[in-house]
Amino acid sequence: DTAVSQTPKYLVTQMGNDKSIKCEQNLGHDTMYWYKQDSKKFLKIMFSYNNKELIINETVPNRFSPKSPDKAHLNLHINSLELGDSAVYFCASSQGGLSEQYFGPGTRLTVT
Amino acid sequence: AQSVSQHNHHVILSEAASLELGCNYSYGGTVNLFWYVQYPGQHLQLLLKYFSGDPLVKGIKGFEAEFIKSKFSFNLRKPSVQWSDTAEYFCAGNTNAGKSTFGDGTTLTVKP
């Protein structure tokens, strides 16, 4: 009965590869987010989706693309992975943009 | 520009000491404020939130925060910390435009 789930939990891949991280929430929320947390624990929002429409797109490289097949899912696809993409990626969801967010367990991405 | 700043990057306390972590926000309109906690190796969890009303809000595990509009502050407090409070603490603000901003986090280390 996990509220926000992500797969995989760990992802190790080589530079230049393309990978996806999946996120699902069963809370019935209408807004989902992707965050990147670097080695210094800084948390930066990457994207948010509300009712399947992108409402925030921070200054992230266009190699990153969010895909939302329905309002319970927000997947993150990354093309041409670079060393600097290594981080922990968190998915989150909320009911509306003003409410508290519920976070997934995170995906630790390591690019070698 | 919307921003959230946390004054303390790393705080070290002994058990039973009192805690206060600073947070200042800068928003032009309606903002909801939050404190999240991230225990080592885990995802972010909500500690407490302020939407409106009583500026002193109480959260889980004995934490509280006070919203002071004149100072644009939302400081987190706990009268007596425990070793298990060792974690990363994030202040965050959400606006009605759906924009979510997190502070850089404060690492709290509680020595037994």
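The values are calculated or read from the model by the stated rules, or taken from the named source; none is laboratory data. All figures in this text were calculated on a predicted structure; none of them were measured in a lab. Counting neighbours? That spans all protein chains shown, and the Cβs are built from the backbone with ideal geometry, glycine included.
Some observations on this one:
- Restricting attention to region B:56-69 and to residues that are within 14 Å of chain A (Cβ to nearest Cβ) and assigned to a strand (DSSP E or B), the residue that is surrounded by the fewest Cβ atoms within 10 Å (Cβ to Cβ) turns out to be B:Val57.
- Test: residue in region A:104-112 that is surrounded by fewer than 18 Cβ atoms within 10 Å (Cβ to Cβ), farther than 20 Å from B:Gln45 by Cα and modelled with pLDDT of 95 or more: yes
- In region B:55-71 there is no residue matching the filter, namely being hydroxyl-bearing (Ser, Thr, Tyr) and either in contact (Cβ under 8 Å) with a residue 40 or more places away in the chain or closer than 29 Å to A:Asn50 by Cα (or both).
- Members of region A:67-108 that are over 23 Å from B:Val37 (Cβ atoms), touching a strand residue (DSSP E or B) at 6+ places or on another chain (Cβ under 9 Å) and assigned to a strand (DSSP E or B): A:Lys67, A:Ser68, A:Pro69, A:His73, A:Leu74, A:Asn75, A:Leu76, A:His77, A:Ile78
- Filter result for B:Gly22 (in contact with a strand residue (DSSP E or B) (Cβ under 7 Å, 6 or more places away or on another chain), closer than 18 Å to A:Leu98 by Cβ and either surrounded by fewer than 20 Cβ atoms within 10 Å (Cβ to Cβ) or at pLDDT below 90 (or both)): no
- Enumeration of residues in region A:63-100 that are small (Gly, Ala, Ser) and either surrounded by 14 or more Cβ atoms within 10 Å (Cβ to Cβ) or over 24 Å from B:Gly93 (Cβ atoms) (or both): A:Ser65, A:Ser68, A:Ala72, A:Ser80, A:Gly84, A:Ser86, A:Ala87, A:Ala92, A:Ser93, A:Ser94, A:Gly97, A:Ser99
- Looking across region B:72-87 at every residue that is in contact with a Pro (Cβ under 8 Å, 6 or more places away or on another chain) and without any contact (Cβ under 8 Å) to a residue 60 or more places away in the chain, the one that is surrounded by the fewest Cβ atoms within 10 Å (Cβ to Cβ) is identified as B:Thr86.
- Qualifying strands (runs of 3 or more DSSP E) (wholly inside region B:70-112; at least 3 residues being within 14 Å of chain A (Cβ to nearest Cβ), more than 13 Å from B:Ser3 (Cβ to Cβ) and among the β-branched types (Val, Ile, Thr)): B:106-111
- Top-ranked residue of region A:84-107 - restricted to ones that are within 26 Å of A:Asn17 (Cβ to Cβ) and hydroxyl-bearing (Ser, Thr, Tyr), ranked as farthest from the other protein chains (Cβ to nearest Cβ): A:Ser86
- The condition (being over 13 Å from the mean Cα position of the chain (by Cα), surrounded by fewer than 16 Cβ atoms within 10 Å (Cβ to Cβ), at pLDDT below 95 and more than 21 Å from A:Phe103 (Cβ to Cβ)) is satisfied by just one residue among B:Gly41, B:Gly53: B:Gly53.
- Failed item, numbered, when A:Val60 is tested on (1) surrounded by 15 or more Cβ atoms within 10 Å (Cβ to Cβ); (2) outside any loop (DSSP other than H, G, I, E, B): (2)
- Yes/no for B:Gly28 being touching a residue at least 24 places away in the same chain (Cβ under 8 Å), within 11 Å of chain A (Cβ to nearest Cβ) and of a type outside the set (A, V, I, L, M, F, W, C): no
- Among the residues of region A:61-112, those identified as acidic (Asp, Glu) and without any contact (Cβ under 8 Å) to a residue 24 or more places away in the chain are A:Asp70, A:Glu100.
- Hits in region A:1-38 - residues which are polar (S, T, N, Q), modelled with pLDDT of 90 or more and over 11 Å from A:His73 (Cα atoms): A:Thr7, A:Thr13, A:Gln14, A:Asn17, A:Ser20, A:Gln37
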